[in-house]
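All of the numbers you see were taken from the coordinates with simple rules; none came from a lab. Because the structure is predicted, anything quoted here is derived from the model rather than measured. Virtual Cβ from ideal backbone geometry, glycine too; neighbours counted across all protein chains shown.
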Amino acid sequence: MCRIFGITFKNRVFIASGVFGFGLKYKKVSNRVGAIFTKGITLEPRKGNAPPRVFETAGGLINWVGLENPGVEKFCKDILPKMKKLRTKIFVNVAGSEVIHYERIVERIGGQVDGFELNISCPNVKKGGVAFGQDPKIAASVVARARTKTKLPLIVKLTPNFCDPLRIAKACIGAGADGISLINTLYGMVYDIKKKKPLITGGLSGPAIKPFALYCVNRLRGLDVPIIGMGGIMTGQDAYEFLLAGASAVAIGSAILRDPYAPLEIIKELKKYPPPPSSPFKGED
């Protein structure tokens, strides 16, 4: 058990957005993790990008899914009622191509969930996303406008691409963010050597990005909000390293694409390690 954002979680292992849908297929996993972050929800439905959408690389994979999702109305009407029956905490990942989209989605969902994760860092959409996360003023604007629509925890998911996440994080916290999650995927590309042009450009995830993810989490460890660390976590040892680096909790992503039950093994493995030193964030129990 742990208490973060004023919420009691059964453990510090969460499921990251985008890899587990809405947690309704593998309920055994969903009911045992501390929290689920939904796949990104936009104002209107999105079909996502044309294939190929995923390409395996050495030590990871590149995805270019394009935020395929049913839109906030269908999510609230058809999906969220089923999710609320799960025995875990629910955070909705919110994405948009305009700043106003974030506040409208947060307002529409209201108090039906445990909190929100504002995705200002998705590298695989043409508009918005990572552009918001690279500019501290725009990032702060997204947070400030969403803040007016909810008293629930607002976590901001940061990009590591071509910016200093510490600078962006400080701007978001100043605008009302309750926590930070990082890192989202790194830019990546695969070339088709026969056609001599890019085959896929998108977000690189998996073990290849773990050292950089740890660096970013450690860089933010002095901030006075909880940090959710992610990026290449495949084992309990990986998760423990993030806790040592300053994370209050961890989120599992690409490991689930290999094994949907990976979070359960990570929870089990974490129990073998001594409690990490006290979190740099003093407001957590």
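Points worth noting:
- Whole-Å semi-axes of segment 64-170's equivalent ellipsoid (Cα gyration tensor): 24, 15, 12
- Over the C-alpha atoms of segment 28-78, the Rg to Rh ratio, Rh being the Kirkwood estimate, stands at 1.08.
- Each of 163, 91, 2 was scored by the projection of its Cα onto the charge dipole of the chain, and the greatest displacement toward the positive side belongs to 91; charges sit on the C-beta of Lys, Arg, Asp and Glu.
- Residue 196-residue 261 FRET efficiency (beta carbon distance; Förster radius 45 Å; 0.05 resolution): 0.65
- Cα gyration tensor shape for segment 1-156, rounded if a/c is under 1.5, else prolate or oblate: rounded
- The mean of 1/r over all distinct Cα pairs in segment 194-285, once inverted, gives the Kirkwood hydrodynamic radius of 14.2 Å.
- Among 73-86, 204-217, sorting by the average number of other beta carbon atoms lying within 10 angstrom of each residue, highest first, gives 204-217, 73-86.
- Ellipsoid equivalent to segment 142-256 - semi-axes via the Cα gyration tensor, in Å: 27, 19, 12
- For the pair residue 162 and residue 74, the difference between a 0.36 nm per residue extended length and the Cα-Cα distance amounts to 28.2 nm.
- For the chain, size of Cβ-based charge dipole, Lys and Arg +1, Asp and Glu -1, in debye: 600 debye
- Net lengthening on full extension, residue 7/residue 98 (0.36 nm per residue, minus Cα-Cα): 29.8 nm
- Positive end of the dipole of the chain (Cβ unit charges, origin at the Cα centre): among 235, 181, 255, the Cα lying farthest that way belongs to 255.
- Around the Cα centre of segment 11-131, unit charges on the Cβ atoms of Lys, Arg, Asp and Glu (plus for the first two, minus for the last two) sum to a dipole of about 600 debye.
- Scoring 172-182, 258-268 by mean Cβ neighbours within 10 Å over their residues and listing the highest first yields 172-182, 258-268.
- Counted by Cβ distance under 10 Å from residue 34, the other residues give a net charge of +4, where Lys and Arg count +1 and Asp and Glu count -1.
- Rounded if a/c under 1.5, otherwise prolate or oblate - the chain, Cα gyration tensor axes: rounded
- For segment 144-207 versus segment 59-119, the gap between their alpha-carbon centres in whole angstrom: 16 Å
- Computed over segment 9-128, relative contact order equals 26 percent, with contacts defined as Cα pairs under 8 Å that lie 6+ residues apart.
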